[in-house]
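Colleague: One structure, as structure tokens, below. Some questions next.
The values are calculated or read from the model by the stated rules, or taken from the named source; none is laboratory data. For clarity, every value in this text was computed on a predicted model and none was experimentally measured. Every residue, glycine as well, gets a Cβ built from its backbone with ideal geometry; the counts of neighbours run over all protein chains shown. The accessibility values were calculated without ligands, DNA or RNA, using every heavy atom of the protein model including side chains. Shrake-Rupley method; radii C 1.70, N 1.55, O 1.52, S 1.80 Å.
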Amino acid sequence: MNYPPADPNQTTAEQLLATAKHHHEQGELQQATTLYEQLLTADPRNPELLHLSGLACLEQGDYTTAAKRISLATLRAPDHPVLITNLGLALLKQQRFAAAIERFQDAIRLQPDHGEAYFHWAHALLLQNKVEEAADRLREAIRQAPEYGPAYQLLATTLSTSAGLEFVVDYCQKMARHYGCEVPEPAQRVPQHTFFLRQTQALEQARQNNRVQETQACSGQQLCYYLGDPLPDAPANLVAIPMESSRFVAFFLSTRLSMPREIAFEATNSTERLIAHYIVIHLYNAWYKRLEASTQLAEQCQHNPPEFVPGQPWRVWVAASRTTTVLQYNARDLLEGFRQQGCEVKLLMEADDRELLDQYHAAQDRLAFKPHIILNLDHLYNDKLPANQFNVTWWQDPMPEIMAGNPLPWRQRDLIYSIDALLDRHLYQTGAPHVYRQSFCYDANLFQDRAGERRERVVIVASSYRHRMLARPEATAVLARLEAMFAAGEPLTDGELARLAARYNYPQDDIFWHLWHYVIRDQSVRWLCSLADRIEVEVYGRYWEEDPLVRPFFKGALPHGAAVAAVYNEARYALVSHPFDLQSQRLMEAAACGAIPIVYDCRYRAEPPHWDDHCLWYRTWAELAACLTQRPTVAPVTLCRGRSYADFAQKILREVERRLAAESGR
């Protein structure tokens with residue numbers, strides 16, 4: 001055992017303590033503990049020895065002994081904040097949360113800028129899932145001890161999933177790196193909405209017209225913020241923010257623009273650190289005030305019910321987001337259906353790709369419009385509504401909100417619609433009192449047969465799911481089995497689905513809702529492209545360029561509406577591939593435009609009607625090839641009857657009238 005050289009001026013006890021500390025610092029905990037024990041035998045009340053011995057026990061996982069030793073040390077040194085903090089840490093390791101937090105508070109009373117005590121206090125709160133309280137403690141730690149890096153690091157981790165606080169996470173990560181914490185840099189720098197410290201830098205970046213990827217399928221123009229006065233002839237994405245505090249906060253409280261996600265500053269520059277801190281504090285204040293205002297506005301909505309006055313039109317309101325690829329059009333088209341029925345309607349949605357609206361704007365808009373009927377697609381959003389307001393939910397996808405199976409707070413005036421029995425089952429598991437059937441709809445004003453010349457062409461308007469599979473390497477084996485089943489034309493029955501889930505130890509819902517959807521969609525399109533020597537093939541949508549077999553036939557994404565209708569009107573056939581639904585929006589739109597639907601044969605699973613004579617059917621490559629020379633015996637356009645958005649709006653209005661009559665005893 002190598003000991004450090006002895007100091008001739010030290011006593012034997014001092015030499016042993018120096019040696020013990022050396023072992024401790026080197027991580028040689030057993031050797032250090034042996035020497036601490038030897039020293040404590042001679043001096044059992046020494047607070048330094050008790051503390052160091054307790055720390056060694058703590059690092060070796062003996063939390064009980066650690067707490068006892070450090071507690072004894074604090075009795076002899078009651079005004080030492082480091083000892084008290086370490087006692088709290090030992091108690092925390094024993095999951096004695098309340099006692100640990102009391103010690104951290106004691107340490108802070110002795111030393112208000114003791115960042116480590118705040119840090120461990122926050123950690124204790126996080127272990128109890130008290131995220132908001134933990135974030136408050138960490139913010140106080142940064143205020144009191146601005147050079148304590150771990151507080152920044154833990155705050156960044158704590159807020160990493162908090163919507164709207166990306167700017168705090170970015171700032172804290174940069175500060176943590178500056179103060180020596182190991183925080184990895186992003187693997188790839190991508191444009192984000194950014195708050196710049198320099199006007200010139202913000203202008204230079206704004207002129208680049210970068211795009212910010214907001215969802216997988218949606219991007220927006222990068223916004224470049226700066227402190228100062230507006231510039232003449234500035235680009236639309238360059239945003240000047242007043243330097244005065246109240247005006248700064250007021251702007252971000254009410255703006256419809258996307259919030260900054262990053263602060264562009266150099267952490268090594270003390271002046272820039274101060275300015276960045278000023279910006280973050282005021283952005284956070286605005287974010288918090290908006291959160292409070294959202295709650296207050298929602299409560300005002302709850303206490304301002306609409307009046308159902310006979311003879312006056314009902315008001316119908318829906319919020320949609322430009323970041324959705326399909327639902328925004330469903331919401332808009334359904335609202336138009338209500339307008340055609342004589343209702344007053346209001347759509348809340350972003351005006352351009354600089355904007356991103358949230359619950360604050362929704363509550364503000366609802367309060368002003370005071371609707372009789374609210375529409376929600378794929379979400380419930382029924383809290384803080386007036387009791388007499390009708391809330392219509394139309395479920396089209398397996399959303400986590402209903403797939404979890406937890407009880408949901410359904411109201412008496414909630415009207416619940418879903419596209420199929422599979423979603424019905426999950427809705428009933430949440431306590432839904434009654435679920436009405438409503439399949440996908442189509443816009444009858446837009447999707448019509450224009451009776452023009454048709455080319456011998458087959459088209460598909462749909463996106464590839466291939467990119468989703470790249471993130472599922474664990475699904476390789478079960479995916480290979482599904483692809484083999486599809487190639488053989490085998491159906492995926494409930495029994496086979498259960499067997500696959502058991503055999504491959506893979507979630508049954510995931511197999512059905514994700515893997516099987518991918519196989520049906522993408523393999524069908526590959527089959528179609530392999531037949532391009534027999535008929536002209538055109539593929540529209542997203543992500544097909546990643547598939548080398550499909551790429552030569554890929555024509556890009558189509559804007560919803562007229563462009564899709566034009567494609568269907570020019571083609572003889574339209575491919576429709578869905579694993580269980582024969583009432584899809586694309587089927588209705590293609591049929592309404594006079595294209596002949598070639599449909600994956602899922603009649604074994606799909607709800608009726610099955611349109612046996614309205615469509616052509618395939619489940620094998622040979623059957624798909626045969627469809628290209630066939631015609632259905634019944635005109636496909638007839639399957640669209642009663643399935644427009646106006647028809648659905650009329651159905652909802654009839655149900656509202658029925659319920660009002662029943663409640664009044666008429």
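Colleague: Could you run through segment 440-462 and say how many residues are surrounded by 20 or more Cβ atoms within 10 Å (Cβ to Cβ) and within 25 Å of Ala626 (Cα to Cα)?
Modeller: Qualifying residue count for the region: 5.
Colleague: When you look at Ala145, is it over 19 Å from Asn285 (Cβ atoms), open to solvent by less than 60 Å² (accessible area, probe 1.4 Å) and out of contact with any Asp or Glu (no Cβ under 7 Å at 6 or more places or on another chain), yes or no?
Modeller: In short, no.
Colleague: Among (1) more than 21 Å from the chain's Cα centre (by Cα); (2) open to solvent by 50 Å² or more (accessible area, probe 1.4 Å), where does Ile279 come up short?
Modeller: (2)
Colleague: Hey, another quick one. In segment 601-649, what residues are among the hydroxyl-bearing types (Ser, Thr, Tyr), surrounded by 14 or more Cβ atoms within 10 Å (Cβ to Cβ) and more than 17 Å from Phe440 (Cα to Cα)?
Modeller: Tyr618, Thr620 - these are the residues of segment 601-649 that are among the hydroxyl-bearing types (Ser, Thr, Tyr), surrounded by 14 or more Cβ atoms within 10 Å (Cβ to Cβ) and more than 17 Å from Phe440 (Cα to Cα).
Colleague: In addition: Of (1) open to solvent by 10 Å² or more (accessible area, probe 1.4 Å); (2) in contact with a Pro (Cβ under 8 Å, 6 or more places away or on another chain), Pro371 satisfies all except one. Which?
Modeller: (1)
Colleague: It is to be established whether one or more residues within segment 275-295 are out of contact with any helix residue (DSSP H, G or I) (no Cβ under 7 Å at 6 or more places or on another chain), part of a loop (DSSP other than H, G, I, E, B) and free of Cβ contacts under 8 Å to residues at least 60 places away in the same chain.
Modeller: No, segment 275-295 contains no residue that is out of contact with any helix residue (DSSP H, G or I) (no Cβ under 7 Å at 6 or more places or on another chain), part of a loop (DSSP other than H, G, I, E, B) and free of Cβ contacts under 8 Å to residues at least 60 places away in the same chain.
Colleague: So is Ala626 of a type in the set (Gly, Ala, Ser) and either under 37 Å from the mean Cα position of the chain (by Cα) or at pLDDT below 95 (or both) or not?
Modeller: The answer is no for Ala626.
Colleague: Could you list, ordered by first residue, the pairs with Cβ atoms under 9 Å in which the first is in segment 160-181 and open to solvent by less than 60 Å² (accessible area, probe 1.4 Å) and the second is part of a loop (DSSP other than H, G, I, E, B) and among the polar types (S, T, N, Q), at least 6 apart or interchain?
Modeller: Val168/Ser162; Val169/Ser160; Val169/Ser162; Asp170/Gln192
Residue by residue, here is whether (1) surrounded by 14 or more Cβ atoms within 10 Å (Cβ to Cβ); (2) over 25 Å from the mean Cα position of the chain (by Cα) holds:
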| site | (1), (2) |
| --- | --- |
| Leu253 | yes, no |
| Ser258 | yes, no |
| Thr268 | no, yes |
| Glu272 | yes, yes |
| Leu297 | yes, no |
| Gln302 | yes, yes |
| Glu307 | no, yes |
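Colleague: Which one of these is open to solvent by less than 60 Å² (accessible area, probe 1.4 Å) and closer than 24 Å to Leu165 by Cα: Gln328, Gln222, Gln216?
Modeller: Gln222
Colleague: Taking segment 375-390 on its own, how many of its residues are under 23 Å from the mean Cα position of the chain (by Cα) and in contact (Cβ under 8 Å) with a residue 24 or more places away in the chain?
Modeller: Selection size over segment 375-390: 8.
Colleague: Let me ask you something else. Working carefully through the options Glu589, Glu655, find the one that is in contact with a helix residue (DSSP H, G or I) (Cβ under 8 Å, 6 or more places away or on another chain), acidic (Asp, Glu) and either in contact (Cβ under 8 Å) with a residue 40 or more places away in the chain or closer than 19 Å to Leu531 by Cβ (or both).
Modeller: Glu589
Colleague: Out of everything in segment 565-587 that is aromatic (Phe, Trp, Tyr) and farther than 10 Å from Ile460 by Cβ, what residue ends up being surrounded by the fewest Cβ atoms within 10 Å (Cβ to Cβ)?
Modeller: Among residues in segment 565-587 that are aromatic (Phe, Trp, Tyr) and farther than 10 Å from Ile460 by Cβ, the one surrounded by the fewest Cβ atoms within 10 Å (Cβ to Cβ) is Phe580.
Colleague: I've got another one for you. Only one residue in Asp414, Asp494, Asp424, Asp397 is without any contact (Cβ under 8 Å) to a residue 60 or more places away in the chain and open to solvent by 70 Å² or more (accessible area, probe 1.4 Å), so which one is that?
Modeller: Asp494
Colleague: Among the residues of segment 306-336, write down those that are among the aromatic types (Phe, Trp, Tyr), modelled with pLDDT of 95 or more and within 27 Å of Asp397 (Cα to Cα).
Modeller: The answer is Trp317, and nothing else.
Colleague: Something else about it: Within segment 341-368, work out how many residues are open to solvent by 50 Å² or more (accessible area, probe 1.4 Å), within 19 Å of Val212 (Cβ to Cβ) and not acidic (Asp, Glu).
Modeller: Of the residues in that region, 3 qualify.
Colleague: Moving on. Checking Ala117 against (1) among the small types (Gly, Ala, Ser); (2) over 28 Å from the mean Cα position of the chain (by Cα); (3) modelled with pLDDT under 90, which single condition isn't satisfied?
Modeller: (3)
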